[in-house]
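Notes follow the structure.
The values are calculated or read from the model by the stated rules, or taken from the named source; none is laboratory data. Everything numeric in this text was worked out from a predicted model, so none of it was measured. Backbone-built Cβ (ideal geometry, glycine too); neighbour counts: all protein chains shown. The accessibility values were calculated without ligands, DNA or RNA, using every heavy atom of the protein model including side chains. Shrake-Rupley method; radii C 1.70, N 1.55, O 1.52, S 1.80 Å.
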Amino acid sequence: MNPSPPAWPAPLAGGGPSVRRNGLGVFGAIVAALSAGDLASAQTSSPVQVVQGAWSKPDLSPDDRAEAALRAMTLDEKLRLLRTPMSMVLAPAKREGAPASAAFIPGTPRLGLPTIAESDASLGVANGGAMRKDDIATALPSSLALGAAFDPELAYRGGAMIGAEARAKGFGVMLTGGANLVRDPRGGRNFEYLSEDPLLTGVLAGRAIAGIQSNHIISTMKHFAVNDQETGRDVYSVEMAEAPMRESDLLAFEIANEIGQPGSVMCGYNRVNAIYACENPFLLNHVLKRDWGFKGFVMSDWGAVHSVGAVQAGLDQESGYQIDPEPYFGSMLAKALAAGQVPQSAVDEAARRILRTLIARGLIDDPPSSGARIDYEADGTIAQAQEEAGIVLLRNEGGALPLATGLKRIAVIGGHADIGVLSGGGSSQVAPVGGIKLELRENGPGMTNFIKRVYGGSAPLAALKAAFPDAVVDFADGTDPAAAAGLAARADIAIVFAEKWSYESADSADMSLGAGQDALIEAVTKANTKTVVVLETGDPVAMPWLQRTPAVLAAWYPGQRGAEAIARVLTGAVDPGGRLPITWPASLDQTPEPALPGADAPPGPKPKFGLAHDKAPFSFSYREGSDVGYRWFDKTKARPLYAFGYGLSYTRFRYDGLSATGGKAVTVRFTVTNIGSRSGADAPQVYVTAPGHAKRLVGWDKAQLAAGQSKPVTIKVDPRLLADFDEKSQSWVVTSGAYRIEVARSASEPVLAAVVPVEGAHFRDTAAGKP
Ligand code: BGC
């Protein structure tokens, strides 16, 4: 239910909300910047007299040091902090010592403040991704695999690994921490996001951010906020009332912020209630900085700035400024200051936040420099661990898996499994250790020259050969279904690698696998009934052949050691640890938006640089409001193909001993026991249903248990998960009543249940007054 959107305070002097389209995204922007020639303000380094001051004294507080630096700075030096050049497009002399990457924060050599380089890092240090092939990094599986792992410590380890590699490569700001909710199974960037649930997303994003920042560098949290689809991402407006926003997308960011304490928040391309996210005072000033007490700085997404007035709406830094059509935080801001349209205090506040964060994170005292040795072997084990924990076994009829050890002939089909594994496209693209093995250029909506379909990492074919040294393992690329079927007919078992590529800047048109793969799988299953399908996708897909195949694994985009992880799950060397972090609908008709919002929007004005999106501005409200994913299915009583939280194991788990207490706070206790004959991983989930509401995930446990082993679990429920947000009193309201508690295998499979009385409560969410 979405009441009419609230009227947020109007944006401030110096440029209001605009509906002009731009924001090509970094990839579209590169070409733009190359041709724009707006690089004149980049400074070359020449010897300077360094002035020392209180800002360089580690024993003083970050606030005092930042204040001292600010007082010592000229206006020009302050303004330089407020716009980051996109170094990828600059000649080395103009990069001020930064590597070629997404951007850098210019240093102030006169005060001894270093240049700090930024890199994309959602799934590893991207550093220009597919463009900088010379700079490899450990490529993690897609974030959905991490979401499926339900394991905050794995999120931390992955973050710590990325941060350590980043520091060793000379980067100090990681553009990661994706905390957008997966609202639609077609989302082009779902593979960069963690789940459809605010708690799961917030906890995992928060721990990943904390892991990155344990290296004394900065992580962002992005893309703030309600930037949940790619279609028309730089023009659309989500119309959503405050309450559903606070209970869904904002709650995910709020939890991630509390746990991860990111140094920076990246505002998104889209508009929220008609105002661009990067000039939205409600999102930036009111919610983030005031209510959540955020002390870091807000950077824009690349090309997401639309006005000078954004600086008063809470934006502190214009990112990759060469791609913006106007010099917003450059000469325009200087002019607005001189004319008194923007007060000096707004510029000081933005510069202060940036300085304070750089100091507080240790980047001034110990700036990263490239060249340290990276143990890629050790880092690869983290990528593999995330994938092993995140593979979801969707179907396993008649004990088809794990595969029998004595197989003599195995047919491996499709998915370029002889070469490597697929990864999602766009700014998060990592050139993995071992290099890019295959790069395909495709034509599609939102496509630019810089978004390529990339395969790398180890090859599933080789991993399966290693797992079955005594078997003949043959490969067919799947382009000829008859040949693939012939190979399958001669084998004991067939393994089809089915794939669907997603990329930043466009959503999928539908849920189909495409490229004739359904027909291929039909043909192979007809030839060999023992056919296992391994899905390498960024989203749930339709599986018209499902009943014909005994086993299906969702391997997501498996990351650089994904082949080994898949082989180990297939052979049973490891239990498939994943549980779905998103609902797998039976069809799009079950979802809130069978037709993707904006898919039919007419073309907009031709973008300045002729790339990426060209949709006319449009607005919509998500019908589900805060009832995202499984909550929508609970509310509509629709039965998905596979529910949120679902996933099979090779062993069996019993849940018992439920005791739940209510009153002022809800606490749930139970025991999980591995009652099978082998060790395995489980993620028992706790859901609460408040009277008249859809159910909500309020906790889970990641249990790794040997056969026969038990583990007691205690979940203390965050009261926000029991509450509604009340806009009028700006507080969370828990309604007194009888709340149903479920300990469940998935959102659709409760095992234990209880009803507890809960006392009504009101609490505010300001940084000062947490419950
Ligand atoms: C993406 C961001 C990314 C930035 C810099 C944008 O297109 O939306 O996620 O961090 O580019 O590469």
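Per residue, the convex hull around the alpha carbon atoms of region 619-771 comes to 139 Å³. Neighbours of residue 356, meaning other residues whose beta-carbon lies under 15 angstrom from its beta-carbon, give a summed charge of +2 when Lys and Arg score +1 and Asp and Glu score -1. Here the simple spin-label model places points 7 Å from the Cα toward Cβ, and for residue 397 and residue 60 these points are separated by 7.2 nm.
Taking amide H positions as modeled 1.01 Å from N, with prolines and chain starts lacking one, the residues under 5 Å from residue 225 and 5 or more places away or on another chain are 268. Each Cα pair of the chain feeds into the Kirkwood radius, which the Stokes-Einstein equation turns, at 25 °C and 0.890 mPa s, into a diffusion coefficient of 93 µm²/s. Label sites at residue 372 and residue 326, each approximated as a point 7 angstrom past Cα along Cα to Cβ, lie 4.3 nm apart. Look at where the Cα atoms of region 262-327 and of region 100-175 average out, and the two centres are 21 Å apart. How much of the calculated P(r) for region 666-723 lies past 12 Å, in percent of all Cα pairs? Percent of Cα pairs beyond 12 Å in region 666-723: 66.
If R0 equals 45 Å, the separation of the Cβ atoms of residue 656 and residue 726 corresponds to a calculated FRET efficiency of about 0.75.
Seen against the Cα atoms of the chain and their longest principal axis, helix 62-72 is set at about 40 degrees.
Computed extension length for residue 441-residue 492: 14.8 nm, one decimal, from 0.36 nm per residue of separation with the Cα-Cα distance subtracted.
If only the Cβ of Lys and Arg carry +1 and only the Cβ of Asp and Glu carry -1, the dipole of region 622-771 around its Cα centre is close to 280 debye. Extending 7 Å from Cα along the Cβ direction at residue 74 and again at residue 641 yields two label points whose distance is 6.3 nm.
Quick one: with all protein chains in place, what share of the accessible area of the chain is carbon or sulfur, to the nearest percent (1.4 Å probe)? Heavy-atom surface of the chain belonging to carbon and sulfur, 1.4 Å probe: 53 percent. Once ligands and nucleic acids are excluded and a 1.4 Å probe is used, how much of residue 677 is accessible, expressed in Å² to the nearest 10? Looks like 110 Å² after rounding. Volume of the convex hull of region 71-228 (Cα atoms only), normalised per residue: 129 Å³.
State the answer as a single residue: which of 540, 498, 525 lies farthest towards the positive end of the charge dipole of region 490-546, with beta carbon charges of +1 for Lys and Arg and -1 for Asp and Glu, about the Cα centre. It is 525. Only protein heavy atoms count here; on that basis, with a 1.4 Å probe, residue 48 has an accessible area of about 80 Å².
Only one residue of 401, 325, 142 has its Cα farthest out toward the positive end of the dipole of the chain, where Lys and Arg carry +1 and Asp and Glu -1 on Cβ, and that residue is 401.
Ligands, DNA and RNA excluded, the heavy atoms of residue 631 present near 10 Å² of accessible surface to a 1.4 Å solvent probe. Over region 619-771, accessible surface divided per residue gives 43 Å², non-protein components excluded, 1.4 Å probe. Amide H to amide H, with H built 1.01 Å from N, residue 137 comes under 5 Å of 431, 433, counting only residues 5 or more places away or on other chains.
Placing +1 on the Cβ of every Lys and Arg and -1 on the Cβ of every Asp and Glu, with no other charges, gives region 212-358 a dipole of roughly 480 debye about its Cα centre. DSSP finds beta bridges in the chain, and of those with both partners inside it, around 60 percent are antiparallel. Charged side chains reduced to their Cβ positions (Lys and Arg at +1, Asp and Glu at -1) give the chain a dipole of some 520 debye around its Cα centre.
Extension gain for the segment residue 515 to residue 716, taken as residue separation times 0.36 nm less the Cα-Cα distance, is 67.6 nm to one decimal.
Our estimate of slack between residue 295 and residue 588, defined as 0.36 nm per intervening residue step minus the Cα-Cα distance, is 101.4 nm. Other residues whose C-beta falls under 13 angstrom from the C-beta of residue 694 contribute a net charge of -2, scoring Lys and Arg +1 and Asp and Glu -1.
For the pairs 133/295; 695/716; 57/222; 437/530, note any where the Cα-Cα span goes beyond 26 Å. Cα-Cα > 26 Å for 133/295; 57/222; 437/530; rest within. Neighbours of residue 493 by Cβ distance under 12 Å: Lys/Arg scored +1, Asp/Glu scored -1, total +2.
Evaluating 6.51 cos²θ - 1.76 cosθ + 1.60 at θ = phi - 60° for every residue in region 376-384, the Karplus couplings come out as 5, 5, 5, 5, x, 5, 6, 4, 5 Hz, glycine and proline recorded as x.
What region 128-234 shows is 15 Å² of accessible area per residue, with the surface traced by a 1.4 Å probe over protein heavy atoms.
Shown is the FRET efficiency for residue 753 and residue 258, computed with R0 = 41 Å from the Cβ-Cβ distance and rounded to the nearest 0.05: 0.85. Diffusion of region 241-388 by Stokes-Einstein, at 37 °C in a medium of 0.692 mPa s and with Rh set to the Kirkwood radius over alpha-carbon pairs, works out to 190 µm²/s. Per-residue ellipticity at 222 nm, computed for the chain from helices alone with -39500 (n - 2.57) per DSSP H run of at least four residues, works out to -6500 deg cm²/dmol.
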